[in-house]
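Below is one structure; the comments refer to it alone.
The values are calculated or read from the model by the stated rules, or taken from the named source; none is laboratory data. The model shown is predicted, which means the values in this text are computed figures rather than measured ones. Positions of Cβ are generated from backbone atoms using ideal geometry, with glycine treated the same way; all protein chains shown enter the neighbour counts.
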Amino acid sequence: MSKNLMKLTTYAFVLFFLFSCSNSEDKFPQQPNILFAIMDDVTYMHMGAYGSDWINTPNFDRVAAQGILFQNAYTPNAKCGPSRSNILTGRNSWQLEEAVNHWAYFPVKFKSVAESLSENGYHVGYTGKGWAPGVAKHADGSPRDLLVHRYSELTLNPPTPHISNVDYAANFEAFLKDNKEGEPFFFWYGGLEPHRGYEYGSGIAKGGKQLSQVKDEDIYSFWPQVDSVRTDLLDYAYEIEYFDKQLGKMLDQLEASGQLENTLVIVTSDNGMAFPRIKGQEYEYSNHLPLAMMWPAGIKSTGRKVEDLVSFIDFAPTFLELAGISEENSGMETITGKSLTEILFSEKEGKVTGFRDRVLIGKERHDVGRPNDAGYPIRGMVKEGMLYLKNYKTDRWPVGNPETGYLNTDGGATKTVILNSIYSPDTFQFWNWSFGKRNEEELYDIKNDPDCMRNLALEEGYQDILQEMRMEMVTALTEQGDPRMFGKGDVLERYPYADQGGVNFYERYLKGEDVKYGWVNQTDFQDLDEIETYQQLKNGSNSMLLDKK
């Protein structure tokens, strides 16, 4: 064979190899079904697969064992509406205009990945909680469902009054019956559990649990170690287990129908648990969420634990790639997230990629409760075991004003205990950690201090790390067009609140109008005396033990 012929043969072989490797049909010969199961308010460690021994999640654990368990999955925004917007668009909150906020008007210009899949041959539907809370409409003003088709008509008698009566598994079965033969599907199982409220004591009375199961180390250091907190945690556990049982029924349905093999199953949560200092905040337990994926036909190296930093904006591009839809043909605005297929098809565990080394997080307005319905803007970054946070309006109360009930923390037993801790210098710190005002910058070693109790931004030895993380975060946010990086943060504050019943909540409440909200209790509201107590305690006074209970 001549040298020229050898070169041509070699060149042709290389081209064939490269083409074969780049062809998605060789990677996944048919479009997978997608079952996206999302809990409502769960912190990552409360799954058996992550080591929890007081919450039983056999079906989440099955997905992890037969697929991949992600050790570092983060939502960019730890609140229901914004987090779900991130999932559906592949964009960070500060890139979503009105949808940066909780209870938002979803902008017409942003198409959801579910809508794109529906337009490209997928049967799309959901049960339970979809994108919520908020208002979405088409350009002509007609109602718009970002998840296309709701399947929640079939109901049951729930085990507690606060667990949803939607029969998730039965509605999934109805969805499958509507599916045409050979048509791939995308289904969103949006459990409303373990969102508040809970039936107090249900974990013990109905779940058969015992207070002794919640050990001291299971109670975060910013909560008191008391039985009412343990009871609250067991009620939370009972509702997680309810969600997991419905997931198990869905997996059984898929297996019985022969569809599990080619179904990508994703199980996660939208934000951290609905307890003080977690949900609605931007700390480690707020944004670090459970995530497991399995796909028998696609993920061949199973049982892996992956340590790459994964953001919820990575879901949408993953779904599009697996469905064979290019971003250009998706009809969606430019996607910031990166497809996870490199991890799915890898045989490696631990750190799989080199570029997934950080996650950006932040928020604007969550719930109302401050003058002029103002928010509490934060931006932050997780990288190399460190968490950096920038609080832009430190004159404001982080979770809402005391006199309106700290509306960014759901009512419950733990919240009540912590509110009452303000009355004594011995327990005041619990109130301060959850509801008190904060420093402009915060820096935490989340590998060794996941409770985020020691603010390293105040320590001289960490100023270099502080500056490096600050600069990297600002650079990244500038590239993403975050209005706050250009001195235009006020535009994010002016976007209207979509729940008309809550507009001007603060002003209406102070005028005496009955504008209480369901997710807080009457005992959550504190008067100006509590604020004075806060000031005295902050200044070191121990002489103002006020009997106001």
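A few remarks follow.
- Residue check, MET485 within 22 Å of LYS393 (Cα to Cα), free of Cβ contacts under 8 Å to residues at least 24 places away in the same chain and surrounded by 16 or more Cβ atoms within 10 Å (Cβ to Cβ): yes
- Failed criterion for ALA64 (all others in (1) part of a helix (DSSP H, G or I); (2) buried (at least 24 other Cβ atoms within 10 Å of the Cβ); (3) touching an Asp or Glu at 6+ places or on another chain (Cβ under 9 Å) hold): (3)
- Out of SER221, SER212, SER164, one residue alone is without any contact (Cβ under 8 Å) to a residue 40 or more places away in the chain and under 26 Å from the mean Cα position of the chain (by Cα). It is SER164.
- Flag if PRO82 is outside any helix (DSSP H, G or I) and farther than 22 Å from LEU260 by Cβ: no
- Once the stretch 330-367 is narrowed to residues that are buried (at least 22 other Cβ atoms within 10 Å of the Cβ) and in contact with a Leu (Cβ under 6 Å, 6 or more places away or on another chain), the residue that is nearest to ASN287 (Cα to Cα) is VAL359.
- A single entry from THR416, THR394, THR409 fulfils the requirement of being polar (S, T, N, Q), assigned to a loop (DSSP other than H, G, I, E, B) and either out of contact with any Pro (no Cβ under 8 Å at 6 or more places or on another chain) or not assigned by TED's automatic domain parsing to the domain that holds GLN467 (or both): THR394.
- Tabulated pairs, the stretch 407-428, first touching a residue at least 40 places away in the same chain (Cβ under 8 Å), second part of a helix (DSSP H, G or I) and of a type in the set (Lys, Arg), C-beta under 6 angstrom, 6+ apart or interchain: THR409/LYS415
- Residue count for the stretch 223-242, restricted to those that are among the aliphatic types (A, V, I, L, M) and either more than 13 Å from GLY208 (Cα to Cα) or assigned to a loop (DSSP other than H, G, I, E, B) (or both): 4
- Restricting attention to the stretch 160-179 and to residues that are assigned to a helix (DSSP H, G or I) and of a type outside the set (D, E, K, R), the residue that is surrounded by the fewest Cβ atoms within 10 Å (Cβ to Cβ) turns out to be ALA174.
- Filter result for ASN287 (outside the structural domain of GLY411 (by TED's automatic domain parsing), under 23 Å from the mean Cα position of the chain (by Cα) and not β-branched (Val, Ile, Thr)): yes
- Output for the stretch 343-353, where each listed residue is on the phi < 0 side of the Ramachandran plot and either in contact with an Asp or Glu (Cβ under 9 Å, 6 or more places away or on another chain) or not assigned by TED's automatic domain parsing to the domain that holds PHE36 (or both): ILE343, GLU349, LYS351, VAL352, THR353
- Positions within the stretch 151-168 being in contact with a Ser or Thr (Cβ under 6 Å, 6 or more places away or on another chain), over 16 Å from LEU234 (Cα atoms) and among the β-branched types (Val, Ile, Thr), in sequence order: VAL166
- Of all residues in the stretch 313-339 being acidic (Asp, Glu) and closer than 13 Å to THR89 by Cα, the one that is nearest to the chain's Cα centre (by Cα): ASP314
- Residue within the stretch 261-276 that is charged (D, E, K, R), assigned by TED's automatic domain parsing to the domain that holds GLY197 and closer than 30 Å to LEU407 by Cα present: yes
- Any hit, the stretch 106-118, residues being over 24 Å from the mean Cα position of the chain (by Cα), modelled with pLDDT of 95 or more and among the acidic types (Asp, Glu): no
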